[in-house]
């Protein structure tokens, strides 16, 4: 009953352009097998394999930055500058997560089981996120989102004898499945409207005027529900605080940067490819890639602008009331999604560069802040703000490093967060979205209050005085994250160049 | 026409049993009602000339997912009141929301000039699908195997009993035994 | 009027919204999981219907993938549910209050 399709079957040689991803899958399988032979309380084999695999994937990604877009595996996956950027970011996040899980009591404590599988799942999730960043077809969009979600559910419920962890996991499963159901329905409408499943062909169909604008908008809103849940933008954020609070902290750290960045990667690729036409746009002066022109409903950037404002305002205002640091950071991460969405709706190469730069910076500083929580949870057994009282005398260097992360999250100089926000706001103002810039700036001021609540507890609230020594591994990784947070605030040109190259090679903007 | 009649039959079966799943007070009845919904959907696939989908629907959904659900229904042995109030206070807003959304989607569906072609003859699709899974769609095919592997490992991590004495609490401990992990 | 594409789409929408209302209304997490299965079924029907009327096999591929994903999701969801039931002898969402402000 079907017409024969032109067979463009993938060949083995496609895998040459898919090395980091292949390495991650092999890592996952090897770590699983190594776990079968792991004995003793600490599964060194799976840990070493997963960490090594992530580092090899990272090295492979850095050494093979794709020059231009290349469609592989039957046109279902595209490897371009954007994918190249994210396949560097995700193995890095995976490696850092694995490192701090190794010394975390929540993952490695005596009552935990399946420690080896945990490391294997981190590698698998990194793979899923890489595919999310390079999916070029509705099928891969759906499947990669699902792979990341499913591994997330398991990792959230990893402390299975803990009521909090299991409850977080159940909430995650329910919200996640509902939004994936909504997204599936939207995808099916989109397929019906255009008759295509590949992003590029969907755009071609839309350009040919084959779809009704209103129906397209409805379908896109449904799809946005699925992607918005991944990045935890506001009407789809309900799971976020509970899951972040209940999940083991290393997992929370991973969730707060990994799937979020992957969700952004997918949103950028999907919306910029299907709803933007490259080339014909007004090329911004000095921009590496031309900016796009909107295809389909003309108002959708405004819709995203509203989403962005609501997201950042809600996240910041609710964060003010939090006393649990994990929950506070959860709301703050919602607020950061709001800032990132500002860059997303600019639809320009410069906006995209700002998003990628901010995602990189955000990954470093947020992982740092969570690592601080993990390291102290190991020693203090809690994560309330009051637990940190007097920390500046008990562990002055650790408190200082946390100060750096907090300043960076607020966006104050001389930290990386300041530079990231500067690029974002510069582009927003450049494109004459003044009201948006004002709301964003006000929100940053609000965020100062709750971040400084943590600082105040550390520096001005008297507490115990006995010196506190952290796990050496934790201290080492903390330094590893604090250093770039400071360094990037002073000298960021190489990273900016790296990001600019990625955007210049992004297929969606005609790179 | 008999085709029309069959469609309306399957449609009625699907929708009515779906309603029963969602609104029934008894969870066992809801589970069995889901069986009829899934059968109805399988029938719809058959009418859409999707023979392979219809068969897979029966095998995977009814043979797999539904059995899993019914097992869980039995395992969790929810007491009668456990099915819970039906949440009547939520019925009205949710109903209004659903109806509004239905009106919107109905408008979209009927108002859109779908790019449809006249359906061609209903040839068997299995060979075509099999070929495409090993050619064009071989990557998603492999990808799904990873998803299933992840699900398998995940389910094992979540419920495998390694130390039954410590975890299970099957000794009639009705009180929540969730240790708050603060180690 | 013969049965056309629109009939299938309206039917699928009805199933989808039934499932969605179930998610919104019911507090028993098992019923919620069943409602989610209904939502997924609705998406699948739309794909199959468009596949028929567009003469394009990718819809069928999508549905088969979605079967596998639904099975995986159900396995994980039900595993977590059983675990929750072990810990607190209830699968009612209103009882899940450990993590509220």
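Before moving on, here are some points about what is shown:
- From least to most packed, judged by other beta carbons within 10 angstrom and beginning with the fewest, C:73, A:464, C:83 follow the order A:464, C:83, C:73.
- Remark: the Cα gyration tensor places the range B:1-80 in the oblate category, a/c being 1.5 or greater and a/b not exceeding b/c.
- Semi-axis lengths (Å, descending) of the ellipsoid that matches the C-alpha gyration tensor of the protein assembly as shown: 40, 32, 25
- Convex hull of alpha carbon positions in the range A:321-511: directionally averaged projected area 10.9 nm².
- Each peptide in A:355-368, A:411-424 receives the mean, over its residues, of other Cβ atoms within 10 Å, and ordering these scores from highest gives A:355-368, A:411-424.
- This ranking places A:442, A:481 by how few other beta-carbon atoms lie within 10 Å of each, fewest first, which gives A:442, A:481.
- Mean separation of Cα contacts under 8 Å, 6 or more apart, over the residue count of chain C: relative contact order %: 27
- Put simply, when A:46-52, C:2-8, A:154-160 are sorted by average Cβ atoms within 10 angstrom per residue, most first, you get A:154-160, A:46-52, C:2-8.
- Other protein chain C-beta atoms within 10 Å of residue C-beta, averaged over A:213-226: 2.
- Legend: mean number of C-beta atoms from other chains within 10 angstrom of residue C-beta atoms, peptide B:9-21, equals 4.
- Calculated [222 nm] ellipticity per residue, helices only, for chain A: -24000 deg cm²/dmol; basis is -39500 (n - 2.57) per DSSP H run with n ≥ 4, divided by all residues, nearest 500.
- The Stokes-Einstein estimate for the range C:28-94, based on a Kirkwood radius over Cα pairs and taken at 4 °C with 1.567 mPa s viscosity, is a diffusion coefficient of 97 µm²/s.
- Comparing Cα centroids, the range A:436-498 and the range A:354-380 end up 8 angstrom apart.
- Long-range tail of P(r) for the range A:339-434 (Cα pairs > 22 Å, %): 40
- Taken as Cα centroids, the range B:28-71 and the range A:119-163 sit 27 Å apart, rounded to the nearest whole angstrom.
- Cα centroid separation - the range A:187-217 against the range A:41-91, whole Å: 31
- Counting only other chain Cβ atoms within 10 Å of each residue's Cβ, the peptide A:144-151 averages 6.
- Residues A:468, A:302, A:73 arranged by fewest to most Cβ contacts within 10 Å: A:302, A:468, A:73
- Taking chain A and dividing mean pair separation by its residue count, relative contact order in percent (alpha carbons under 8 Å, at least six apart): 16
- Across the range A:107-255, the mean sequence separation of Cα contacts (distance under 8 Å, 6 or more residues apart), normalised by length, yields a relative contact order of 27 percent.
A short reminder: the numbers here are calculations on the coordinates, not readings from a lab. Bear in mind the structure is a predicted one, so any value in this text is a computation, not a measurement. No Cβ is skipped: glycine too gets one built from the backbone with ideal geometry, and neighbour counts run over all protein chains shown.
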